[in-house]
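Below: one structure, written as structure tokens.
The values are calculated or read from the model by the stated rules, or taken from the named source; none is laboratory data. In this text, all values refer to a predicted model and were calculated from it rather than measured experimentally. Methodologically, a virtual Cβ is constructed for each residue, glycine included, from the backbone with ideal geometry; neighbour enumeration extends over all protein chains shown.
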Amino acid sequence: MADYVRISKTLSYWLRHQPDAAGLTLDAQGWTAVDDLPGALSRDGLPNDIDTLLALVEQSDKQRFELSPDLNRIRARQGHSVAVDLALAPTQPPETLYHGTVDRFLAAIHADGLQKMQRHHVHLSPDIQTAERVGARRGKPVLLAIDASGMHADGHSFFVTENQVWLTDAVPALYLRRV
């Protein structure tokens, strides 16, 4: 299990932010060849067999990665800071979405809303429990509810990934309330 966490963090870094660090090349949609990963993982001293990689992708609770139907390519589902087009279609969001954060970011969020920062989108959760887990990564979580239906009615676009992470360009402060 500890190896899965190390591999997952390493793959997240490579497939979202620094493919060059592993000698990988991402195509326009963020895909890279599965066959290129064992060598890169080996250079980092990580387990590098295909079965471990496939099990990690399949069994991951967060489902951060996806494999192509032929199992020849892999990509991160969201969270990129490198230029990729995930080819997600705009989708009508549920009435409310959630975001987990911590107290130290609240002043900036109340002033400027939720911003994508170095990523391509703001990440939102469909339920309170997921948002709480996300916020808890940085301390005691603070939960924010987003009036997604109001944003959508006002012309903001939303996208949803296969692992149910909702994406949007920004969330203006007027659509936020603390849970």
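Among (1) under 30 Å from D3 (Cα atoms); (2) of a type in the set (K, R); (3) surrounded by fewer than 16 Cβ atoms within 10 Å (Cβ to Cβ), where does R75 come up short?
Going through (1) under 30 Å from D3 (Cα atoms); (2) of a type in the set (K, R); (3) surrounded by fewer than 16 Cβ atoms within 10 Å (Cβ to Cβ) one by one, R75 breaks only (3).
Working carefully through the options R137, R75, find the one that is modelled with pLDDT under 95, under 23 Å from W14 (Cβ atoms) and touching a helix residue (DSSP H, G or I) at 6+ places or on another chain (Cβ under 8 Å).
R75
From the list P126, P93, which one is at pLDDT 95 or above and touching a helix residue (DSSP H, G or I) at 6+ places or on another chain (Cβ under 7 Å)?
P93
Could you grab the pairs with beta carbons closer than 7 Å, sequence gap of 6+ or different chains, first residue in segment 125-145 and surrounded by 16 or more Cβ atoms within 10 Å (Cβ to Cβ), second one in a helix (DSSP H, G or I) and small (G, A, S)?
Within 7 Å, the pairs are S125/A131; P141/G135; V142/G135; L143/A131; L143/G135.
Can you run down the residue pairs with Cβ atoms below 8 Å, 6 or more apart or on separate chains, where the first is in segment 1-30 and modelled with pLDDT under 90 and the partner is loosely packed, with under 12 Cβ neighbours inside 10 Å?
Y4/Q59
Any residue in segment 58-72 that is in contact (Cβ under 8 Å) with a residue 40 or more places away in the chain sitting within a Cβ distance under 9 Å of a residue that is among the aromatic types (F, W, Y) and part of a helix (DSSP H, G or I)? List the pairs, counting only those 6 or more apart or interchain.
From residues that are in contact (Cβ under 8 Å) with a residue 40 or more places away in the chain, the pairs are Q59/Y4; S60/Y4.
I need the full set of residues from segment 94-146 which are more than 17 Å from Q164 (Cβ to Cβ), touching a strand residue (DSSP E or B) at 6+ places or on another chain (Cβ under 7 Å) and among the acidic types (D, E), in order please.
Hit for segment 94-146 is D103, nothing else.
From the list D169, D85, pick out the single residue that is touching a His at 6+ places or on another chain (Cβ under 8 Å), at pLDDT below 95 and acidic (D, E).
D169
Any idea which of (1) surrounded by 14 or more Cβ atoms within 10 Å (Cβ to Cβ); (2) without any contact (Cβ under 8 Å) to a residue 12 or more places away in the chain is the one H121 doesn't satisfy?
(2)
Identify the single condition in (1) in the same structural domain as V122 (by TED's automatic domain parsing); (2) part of a loop (DSSP other than H, G, I, E, B) that G100 does not satisfy, given that it satisfies every other one.
(2)
Please work out which one of (1) part of a loop (DSSP other than H, G, I, E, B); (2) in contact with a Gly (Cβ under 8 Å, 6 or more places away or on another chain) is the condition R138 fails and give its number.
(2) is the only condition that R138 fails.
From the residues in segment 146-175 that are outside any strand (DSSP E or B) and in contact with a Lys or Arg (Cβ under 9 Å, 6 or more places away or on another chain), which one is surrounded by the most Cβ atoms within 10 Å (Cβ to Cβ)?
First, the residues of segment 146-175 that are outside any strand (DSSP E or B): 148-158, 161-165, 169, 172-175.
After this cut, where a residue has to be in contact with a Lys or Arg (Cβ under 9 Å, 6 or more places away or on another chain) as well, the list is 161-163, 165, 169.
Numbers: T161: 19, E162: 11, N163: 14, V165: 21, D169: 14.
Checking each candidate, the answer is V165.
Does A55 qualify as being small (G, A, S), surrounded by fewer than 16 Cβ atoms within 10 Å (Cβ to Cβ) and within 30 Å of Q129 (Cβ to Cβ)?
yes
For segment 44-57, indicate whether the set of residues that are of a type in the set (G, A, S) and either in contact with a helix residue (DSSP H, G or I) (Cβ under 7 Å, 6 or more places away or on another chain) or modelled with pLDDT of 95 or more (or both) is non-empty.
No, segment 44-57 contains no residue that is of a type in the set (G, A, S) and either in contact with a helix residue (DSSP H, G or I) (Cβ under 7 Å, 6 or more places away or on another chain) or modelled with pLDDT of 95 or more (or both).
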